[in-house]
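The values are calculated or read from the model by the stated rules, or taken from the named source; none is laboratory data. Small disclaimer: the values here were computed from a predicted structure and weren't measured. Glycine also receives a Cβ, built like all others from the backbone with ideal geometry; neighbour counts cover every protein chain displayed.
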C-alpha cells in the first residue's frame, strides 16, 4: 500500500498558509481533477478524493492542529484513516460536504454521478443531471473551409409526456421526504477516541432530492424520462480540425424528475483529401513537374479546396521551390488566430526512370553543355533548403 502524501503537499500550500489560501488551493485542485472534466480517468478521481481529504483536515482548526502535531497518525478515526474518506466516501458525500467551495454549486461542472445544482448551506436538495451524449462528425476540406450544418438522429432519454417529467402518476405529485425533512441530506455522528465526528451525506431515501413520489408514473416508472429520439441540427464553424470537440448545451439525455439535461459533445473527424495536405490553416500540394516544363517554363493546373487553378512556372524552376497562393488555405475557427491560411505548392522534378536510345543520346549531348551544369549559387541555394529540414 502506498504511503499517504502530506496534506500540505497535496494542496501545494505551506504550513503557514491561511484558511482562505487552503480553500483557494483546494478549489484549484478540485477543478483540475473534477470527474466531469476527466471522465473515466481513475487517477484523476483518486486525486480529486485526495484533495478533498486534505481540505477536510486542513480547513478544520482542530483537525489541522492534530495533524500538525501527530501527522496522519493523529487522524485515526477521522478523515483519512478509517473515517469518511478512508471508509469509501462517495463523490456525492464530497460534494455535499464541500458544496460551498463551488459557490453554492457542489457539482462545479454540472454535477457528477447523475447529479447537478447542489445547494450550499443547510439545504442540500439536488436535481438529477442527464448524461452527456457523444457523436462523431466527418468533414471534408470543403466543409471545413466554409462551415457546415449537420443533422443527427439521436436515440436518447427524453422527458416522459405522460407525467411531464415529474415521475408521478396523475396529480398525486410528491411529498417531503420524512428521512431528511426535505433537506436532501442527513447528518451522521460517529464517536471516536478523539470525540464526535459529524458528517453530512446524501439522504438514502430520496437520493438527495428532498422529496419522494407518492404514486409512480405507470409509463416511466417514476423516473420522469423514457427512451426516445430527437433530430438535432448542429452548425459546425469553419476552420475546425481533427480531434476538436464541440458542445451543445442541453442536447444530451434528459435528467430524471425534470432535472438538468446533459450536453451533446461532437467530435470532429477530418476526411483526408486525395491531393492536398493540411498543416494548421495552410494547405500543401506537391507538384511534380516534368524536366522540360521545369526548364522551359509554362502553365500548370493545381487543385484547390473547391476548384482547380492555373499557375505559371518560370523557366529554370528548381526542385524545392515553394509557390504561395495567398488566402487559398483554411480559415481560423470563429475568426480567431491568424486569419485564412495559404496554399503552398512544393515543386519536385520528375527524372525519367528509363530512356530509349534516342532520348539517351540527346541527354548525352546536353550533359557537357554549360547551361546544364549547376552554378555555384544554385547548388548553395538547394543545399541551404536541404539543410533547413534538419535545423
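Among the residues of segment 52-66, those identified as closer than 23 Å to residue 32 by Cβ and touching a helix residue (DSSP H, G or I) at 6+ places or on another chain (Cβ under 6 Å) are 52, 54, 55, 57, 58, 59, 64.
Being over 21 Å from the mean Cα position of the chain (by Cα), at pLDDT 90 or above and not in a strand (DSSP E or B) holds for only one residue in 153, 142, and it is 142. Return yes or no: is residue 376 under 30 Å from residue 268 (Cβ atoms) and at pLDDT below 90? Judged against the criteria, residue 376 is not a match.
Every listed requirement among (1) touching a helix residue (DSSP H, G or I) at 6+ places or on another chain (Cβ under 8 Å); (2) at pLDDT 85 or above is met by residue 28 save one, (1). Scanning segment 350-373 for residues that are outside any strand (DSSP E or B) and either in contact (Cβ under 8 Å) with a residue 12 or more places away in the chain or within 35 Å of the chain's Cα centre (by Cα) (or both) yields 351, 352.
Here's the yes/no breakdown for (1) more than 30 Å from residue 174 (Cα to Cα); (2) not in a loop (DSSP other than H, G, I, E, B):
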position	(1), (2)
251	no, no
284	yes, yes
289	yes, yes
293	yes, yes
305	yes, no
324	yes, yes
339	yes, no
348	yes, yes
